[in-house]
Amino acid sequence: MKTFYIYTNELKDTNCETTEYIRKYLTEHGCICKDKADNSVECMIVLGGDGTMLRAAGDYQEMHIPFIGVNLGTLGYLAEVEKDQIDSALEQLMADKYEVESRMMLTGFPVIAGERMTPMTALNDIVINRKGALHVINFNIYVNGQLLSTYSADGMIISTPTGSTAYNLSAGGPIVEPKARLIMMTPVCSHTLVNNRTIILAEDDVIDVEIGDYKPGEKQEVDASFDGRHPVNLNEGDKIRIIRSDKVTKIIKLSKASFLDTLQKKMRII
């Protein structure tokens, strides 16, 4: 690799010190650091944390640029490189000693008052949560046009394997190998014991999450978000149709550590 673009979370990289260090290191070794991402960029170096990685994936999904993250946050599960590993990581990138993983994404089509709105994508998850006053949300879940179940819960998480270690995990969902191809649906604080488990669906299933009726005379409003961004307000009868996206996020991997090794190091859960 010789052509790079640096995507920086300036709240994490105070005064852009790490950004400028990487830029100087690369240019001194004969590489090009672009001021703007374009089709000539071979690698996007993302400085921040997992949230920054998700924003970069969303902002540049059309360009198919491979990403690598430098963790300037806390956990940094998606951001593989720690700050003290920057030099060795850059050397590996310049020497083409890396692998690229293709991570599936989700596309959600909000349907509001019967009208299909602009679709949006997510690398981690699409989350439907209550808005305003604390109350349970009634969901009608359809898979491939067939009613799967109804839920009363605080929210619903539709997650990719990459997102399995995010909100899905906090809500009691399973951990999945990030290169897998499947979709998880995890209720948040289900109010029925029967429907409190994650359901694993095939990658090509079509999922409709419909907002059900609430109490007579009271409106039920919820927000749907895509990787924590772009909130969409939904009311009773509105829905989101969720499918596997035709886009993927390309994540550069430098380490030979397995998925289980990463879990032990980052999550300390096994």
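The values are calculated or read from the model by the stated rules, or taken from the named source; none is laboratory data. No experiment lies behind these values; they were computed from the predicted model shown. Cβ: placed from backbone, ideal geometry, glycine included. Neighbour counts: every protein chain shown. The accessibility values were calculated without ligands, DNA or RNA, using every heavy atom of the protein model including side chains. Shrake-Rupley method; radii C 1.70, N 1.55, O 1.52, S 1.80 Å.
Taking the Cα atoms only, what angle lies between the long axis of helix 17-28 and the longest principal axis of the chain, rounded to 10 degrees?
50
Which residue, Val127, Ala153, Asn39, has the largest displacement toward the positive end of the dipole of the chain when charges sit on each Cβ (Lys, Arg +1; Asp, Glu -1)?
Ala153
From largest accessible area down, sort Thr162, Thr74, Thr27; use a 1.4 Å probe on the protein chains.
Working: Thr162 5, Thr74 135, Thr27 70 Å².
Greatest to least solvent exposure: Thr74, Thr27, Thr162.
Between 0 and 90 degrees, rounded to the nearest ten: what's the tilt of helix 50-59 against the longest Cα principal axis of the chain?
80
If amide hydrogens are placed 1.01 Å from N in the peptide plane, which non-local residues have theirs closer than 5 Å to the one on Leu47?
For Leu47, the qualifying residues are Tyr7, Thr8, Asn9, Val70.
Per residue, how many Å² of accessible area does the chain show with a 1.4 Å probe?
Working: 12940 Å² over 270 residues.
Here the per-residue accessible area is 48 Å².
Sort segment 11-106 into rounded, prolate or oblate with this rule: let a ≥ b ≥ c be the square roots of the eigenvalues of the Cα gyration tensor; rounded if a/c is under 1.5, and if a/c is not under 1.5, prolate when a/b is larger than b/c, oblate otherwise. Before the final figure, lay out the partial values.
Working: a/c = 1.38, a/b = 1.12, b/c = 1.23.
It comes out rounded by the Cα gyration axes.
Under the rule of -39500 (n - 2.57) per DSSP H run of 4 or more residues, summed and divided by the residues of the chain, what mean residue ellipticity at 222 nm is obtained, to the nearest 500 deg cm²/dmol?
Values: 5 runs with 39 residues, N = 270.
Mean residue ellipticity, 222 nm, calculated: -4000 deg cm²/dmol.
Pop out the carbon and sulfur fraction of the accessible area of the chain as a percent, whole number, probe 1.4 Å. Present the calculation step by step, with values, prior to reporting the outcome.
Values: 6410 of 12940 Å².
Roughly 50 percent of what the probe reaches on the chain is carbon or sulfur.
Can you match Cα extents along the principal axes in Å to one of these, (i) 59, 44, 34; (ii) 71, 34, 31; (iii) 68, 40, 33, based on a calculation from the structure here?
So the structure-derived entry is (iii).
Sort out for me the Cα centre separation of segment 95-153 from segment 1-26, rounded to whole Å.
Comparing the Cα centres of segment 95-153 and segment 1-26, I get a distance of 33 Å.
Ranked by accessible surface with a 1.4 Å probe, highest first, in what order do Tyr5, Tyr21, Tyr98 come?
On the way: Tyr5 30, Tyr21 100, Tyr98 70 Å².
Sorted descending by solvent-accessible area, the residues read Tyr21, Tyr98, Tyr5.
Ser190's amide H: which non-local residues (gap 5+, or another chain) put their own amide H closer than 5 Å, with H modeled 1.01 Å from N in plane and none for Pro or chain starts?
Close amide H contacts, sequence-distant or interchain: Asp154.
How much accessible area does Ile32 have with a 1.4 Å probe, in Å² rounded to the nearest 10?
Surface accessible to solvent at Ile32 totals approximately 90 Å².
Could you sort His191, His64 by accessible area so the largest value comes first, with the probe set to 1.4 Å?
Details: His191 115, His64 90 Å².
Output order, biggest surface exposure first: His191, His64.
HN-Hα J couplings of segment 176-190 from phi, Karplus 6.51/-1.76/1.60, θ = phi - 60°, integer Hz, Gly and Pro as x?
Each residue of segment 176-190 in turn: 10, 4, x, 8, 5, 10, 6, 10, 10, 10, 10, x, 9, 6, 4 Hz.
With a cut-off of 8 Å between alpha carbons and a minimum separation of six or more residues, what is the relative contact order of the chain in percent? Walk me through the intermediate numbers first.
Numbers: 599 pairs, mean separation 52.5, N = 270.
It comes to 19 percent, rounded to a whole number.
Could you state how much accessible area Thr118 has, in square angstrom rounded to the nearest 10, with a 1.4 Å probe and all protein chains kept in place?
Only protein atoms counted, so the area is about 110 Å².
Whose amide H sits under 5 Å from the amide H of Ser245, counting only residues 5 or more places off or on another chain, with H placed in the peptide plane?
For Ser245, whose amide H was placed from the backbone, the distant partners under 5 Å are Met105, Leu106, Thr107.
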